[in-house]
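First up is the structure itself, then whatever we jot down about it.
The values are calculated or read from the model by the stated rules, or taken from the named source; none is laboratory data. These numbers come from a predicted model, not from an experiment. Every residue, glycine as well, gets a Cβ built from its backbone with ideal geometry; the counts of neighbours run over all protein chains shown. Calculation scope for accessible area: heavy atoms of the full protein, side chains included, ligands and nucleic acids excluded. Shrake-Rupley method; radii C 1.70, N 1.55, O 1.52, S 1.80 Å.
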Amino acid sequence: MLNLGGRIAVLDSIDAKPTIVAARKTRLLGPAAAWFPAADNDKTWAVTEEPAATACSGKKLPPSVQARFTITEHDTSGSPSRTKLSLPCGMEPVAQTPQGLLVHRTTEDTAGTGNGKIALTDIVLLDKQAQSVTQVIAKYATVLSTAGTRVVRKQNDCKSSACVNVYSIDDKKSKAAPRCEAGDAAGRGAIDASGRWYATAVGSGEAYQVAVLDLEANKCQEADTYPAAAGSQIDLKGALRAPNGMRLERVLQLGDSVAWV
């Protein structure tokens, strides 16, 4: 699946002609929010938005809420289904789980840099119609990565060194992410499709290294150490593999995301 400057396309093979499955939108969202796979991985959801000033007229919302989001299901053949869901104002979609839609719910704003405002969000689960909250996963928290029924999150008001937690939607329980000898998970990582293996940077302010956290066995597999410097990058070069055969590639920008392939 490709993002062609705001249009979503599917390739049947690596050298095939792209098939457009979602048209260009007025404003492109971030790559992680512009579309996301359906819970069964057979379809995908395209995300569109309307200005909050018109779509949420008359509602009292924090200033950081700038849009109301709508998601439309698309088949990988290119044909959109009839399933189209408009989320309540203040809710931003993150992923679809077997139990419903995972979203960030903006509750209030806090002072940011300059005249800007930073949104404070709760992580909640909506029903399959994307209207009612069925679970409050965490207050004042942000989703770092999610797959299946697992959600890796960061507690925004956490003051300790270990601020990354793993939530099970099935068990409705949360636990700290596995600890590595090099330090705690940092930045935004990536879970593989099974929901078990979480790739991330770990370490402290002096040095970071790439690691794969086994969320089921509560273990850590570490790679080499890299110096922490402004703008430094870690070239993975396929160094880490999960037991299911998936590998990490591309470059990890510290504080940014990695990808399973």
Those residues that are over 15 Å from L215 (Cα atoms) and among the charged types (D, E, K, R), I need them from the stretch 155-174; list them, please. D157, K159, K172
Scanning the stretch 166-206 for residues that are among the charged types (D, E, K, R), more than 16 Å from the chain's Cα centre (by Cα) and assigned to a strand (DSSP E or B), the one farthest from T97 (Cα to Cα) turns out to be D184
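This table checks each residue for (1) open to solvent by 50 Å² or more (accessible area, probe 1.4 Å); (2) touching a Gly at 6+ places or on another chain (Cβ under 8 Å); (3) modelled with pLDDT under 90; (4) within 18 Å of A39 (Cα to Cα).
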residue	(1), (2), (3), (4)
A55	no, no, no, no
C89	no, no, no, no
V94	no, no, no, yes
K128	yes, yes, yes, yes
Assigned to a loop (DSSP other than H, G, I, E, B), of a type in the set (S, T, N, Q), free of Cβ contacts under 8 Å to residues at least 60 places away in the same chain and under 27 Å from C89 (Cα atoms), is that true of Q129? yes
How many residues, within the stretch 172-199, are among the polar types (S, T, N, Q) and at pLDDT below 85? 1
So A147 clears everything in (1) under 24 Å from T83 (Cβ atoms); (2) modelled with pLDDT of 90 or more; (3) among the small types (G, A, S) except one condition, right? Which one? (2)
Output the residue which, of all residues in the stretch 108-126 that are at pLDDT below 90 and of a type in the set (S, T, N, Q), is nearest to P37 (Cα to Cα). T110
